[in-house]
Structure formats: C-alpha cells, structure tokens
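The values are calculated or read from the model by the stated rules, or taken from the named source; none is laboratory data. No experiment lies behind these values; they were computed from the predicted model shown. In this analysis, Cβ positions are derived from the backbone assuming ideal geometry, glycine residues included, and neighbour counts consider all displayed protein chains.
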Amino acid sequence: MDFNDVNYTLRKGGNAFIVSGFGSGERRVTKALENALESPLLKDCESFSFKKILMIIYYNRDSESPLLMEEMNQIQEFMENFDHEVDVIWAPAHDSTLKDQIKVTILATGFNVSFKSDLKPLKDRLSQNG
C-alpha cells in the first residue's frame, strides 16, 4: 500500500468516505468489517454500491492471535457482497498496539447517496454550489 493506491482509489471516484472498525474474539475480522460499515457516515449511502475500495487489515503479528488463513476467508466472504466490476485493493498491515484485536480501515469511492426527505433542502443547496 502506498500513495498510488490511495490516488487510484480517489481519482474520478465521486463520493468518498473513510471508516475504521475494530473486532476481537471469534470472527474478529467479520466483526471489524461490520463495525466499520455501521459508521454513522454511511447511514445515507448504498454501502455495497462502491466502485473502488482500498482496505487495510491491521493486526498485531506479535500477539497470541496473528492474522490466520481462516480470517483471510472472512475477508473473501465480505468481498463476495460486491459486484465483480468493483476495483479492490487490500493488504494486511502490522500494528503492535492492537494486542489481539483486528482493525479494518476502508476507503471507498463511487457509491450512491440517498438523501432523506428532511435533508432535501441541504441536497439542493449542495447541488447549486457545484
């Protein structure tokens, strides 16, 4: 992962957000992904309509529970929710502060936002400003 990956994900991507989530215990990768996607930032967007995704899975390689192959399968299960045309870049990364937790950071672009009726005036103002 480097700036080129970030640049590729953001370039001509449209709407964008970055969220993080944590998970521990059984199925901790799945829990971290769910925790990230439960972010209030995503309440008005169609979460699985992304066009590009950059995802980093942080773990502590010195813990009693390093990243396991079974957990890589949990990432694959998550990715099956997306259309095959979605561009995905992901990689593991080390973070010694996590103990036995997993942290997932997702940068996503190109999703649709559906404003609720009470936000329509805000949407109209944003559209007028360009």
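Among the residues of the stretch 73-91, those that are within 18 Å of Gly25 (Cα to Cα) and surrounded by 14 or more Cβ atoms within 10 Å (Cβ to Cβ) comprise Gln74, Ile75, Phe78.
Report whether or not Leu68 is surrounded by 18 or more Cβ atoms within 10 Å (Cβ to Cβ) and either closer than 13 Å to Phe111 by Cα or among the aliphatic types (A, V, I, L, M) (or both). Judged against the criteria, Leu68 is not a match. Residues of the stretch 92-111 that are surrounded by fewer than 12 Cβ atoms within 10 Å (Cβ to Cβ) and either of a type in the set (Asp, Glu) or at pLDDT below 90 (or both): none at all. Counting the residues of the stretch 19-43 that are surrounded by 14 or more Cβ atoms within 10 Å (Cβ to Cβ) and touching a strand residue (DSSP E or B) at 6+ places or on another chain (Cβ under 6 Å) gives 13. Return the residues of the stretch 10-35 that are aliphatic (A, V, I, L, M) and closer than 17 Å to Thr97 by Cβ; say none if nothing qualifies. Scanning the stretch 10-35 gives a single hit, Ala32.
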